[in-house]
1. On the given criteria, is Tyr145 farther than 30 Å from Ser269 by Cβ, modelled with pLDDT of 95 or more and within 16 Å of the ligand (Cβ to nearest atom)?
2. Those residues that are over 20 Å from Phe56 (Cβ atoms), in a helix (DSSP H, G or I) and touching a residue at least 60 places away in the same chain (Cβ under 8 Å), I need them from the stretch 11-40; list them, please.
3. Of everything in the stretch 257-275, what is under 15 Å from Tyr247 (Cβ atoms), of a type outside the set (A, V, I, L, M, F, W, C) and either modelled with pLDDT of 95 or more or assigned to a strand (DSSP E or B) (or both)? Give them in sequence order.
4. Being charged (D, E, K, R) and within 8 Å of the ligand (Cβ to nearest atom) is the filter here; which residues of the stretch 19-64 pass it?
5. Identify, from the list Lys228, Lys234, the residue that is in contact with an Asp or Glu (Cβ under 6 Å, 6 or more places away or on another chain) and not assigned by TED's automatic domain parsing to the domain that holds Val157.
6. Here are Phe75, Phe56, Phe91: which of them is touching a strand residue (DSSP E or B) at 6+ places or on another chain (Cβ under 6 Å), closer than 21 Å to Leu10 by Cα and hydrophobic (A, V, I, L, M, F, W, C)?
7. Would you please name the residue that is surrounded by the fewest Cβ atoms within 10 Å (Cβ to Cβ), looking only at residues in the stretch 106-148 that are farther than 20 Å from Arg45 by Cβ and among the basic types (Lys, Arg)?
8. Looking only at the stretch 174-198, how many residues end up being surrounded by 16 or more Cβ atoms within 10 Å (Cβ to Cβ), among the aliphatic types (A, V, I, L, M) and away from the ligand (no atom under 13 Å from the Cβ)?
Amino acid sequence: MKVITTIQELREIIEKTNKRQQTIGFVPTMGFLHEGHRALMKQARKENDILVLSIFVNPLQFGPTEDLDRYPRDFERDQKIAETEGVDILFYPSVAEMYPNELSVSVVVKKMTDVLCGRTRPGHFDGVATVLTKLFHLVQPTKAYFGKKDAQQLAIVESLVKDFHFPLQIIAVNTIREEDGLAKSSRNVYLTDRERVEAPELYQSLQMGVEMIQAGETNPHKIISGIKDRIANKTSGEIDYVSLLSYPELEEFESINGSYIIALAVKFSRARLIDNIIMNRD
Ligand code: AMP
C-alpha cells in the first residue's frame, strides 16, 4: 500500500494505472475507520483492479459551530485497517494540499438540500460536492462507493455525477450496524456510556415507523410523531429532525406510496447521530 499525501504524486500514479487500463475503485472517507468503511473497501476491492481510499476531514463541509476540530482521528490505526482491506493507494492530503488558497469556484447543490441534514447544516452538501468534484477529478475512479447511512449524501452525489458527466459509477452500500442495531459511525466514540445504551433506540424507532406503515398507516405525520415520542421518551438526545420522504426524490408527501425513507438526526451531548431506513411500501 502506498500512502500519498500530495496531488502531484497521486496524479502520477493514477496516470500509470490509466495507461495500464486498470479499473479504479474509490472509497472517500473522513477516516477513523470502522466496519462501515470496511464494507465499502471490501466491495471496492472485489470489483476493481486498484483500490484507492482517501482520508480527508473536509473543513468545507463543517459549519462554524460543528465538530471539525474534535472530529475523531487516528491515522496509524486507519493505515493498518486500510492495509488489511487491500488498499493499494491511501490518499491522505493535508488541508493546505487540498485548499492551497481560498476557492474562487465551488459547487452549489440546488436540489434536495431543504430537507433532512441540508436544512440544519446549511452549506454542508456544497462542501461535500465540492471536495468530491476535486477528488473525482484526481482519482478518476471507475466506481466510487458510498454508504446508504448517508442517504441524502448518496442521492446528491448521484446527481453530481449525472449533472457534471463524471465518467464513473456510484455504488451504494448497505448500512453496517452494531449487534444492537446502532449504525456504525466514527462519531459513536463520543457517546457517553449512558447515551451508548440509549442510542440503539434510534434504529428501533425507525423500525417502529416501518411497522406502522406495514400495519396500514399512511399518514406521515402520525408516523413521524410516533417516532419522535419514542425517542423523546427513551433517550436523552435532542431531536434534530425525524422525516418521512419519498425516495430517492426526498420529497414530502401526504400519503405513502412506493419507495420511502424514514430518516432522523439526534444530538447527544457530544455527538450528532444520523440513521435511516429505505423501504418500499408495495
Ligand atoms: P465518513 O468517513 O463518515 O465520511 O464516511 C465515509 C463513507 O462511509 C460514506 O460513504 C458513508 O456513507 C460510509 N459509511 C459511514 N458509516 C457507514 C455505515 N455504518 N455503514 C455503511 N457505510 C457507512
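1. So Tyr145 fits the description; yes.
2. Scanning the stretch 11-40 gives Asn18, Glu35.
3. Ser259, Tyr260, Asp275
4. Glu35
5. Lys234
6. Result of the check over Phe75, Phe56, Phe91: Phe91.
7. Of everything passing the filter in the stretch 106-148, Lys110 is surrounded by the fewest Cβ atoms within 10 Å (Cβ to Cβ).
8. So the count comes out to 1.
The values are calculated or read from the model by the stated rules, or taken from the named source; none is laboratory data. No experiment lies behind these values; they were computed from the predicted model shown. Cβ atoms come from the backbone with ideal geometry, glycine included; neighbour counts cover every protein chain shown.
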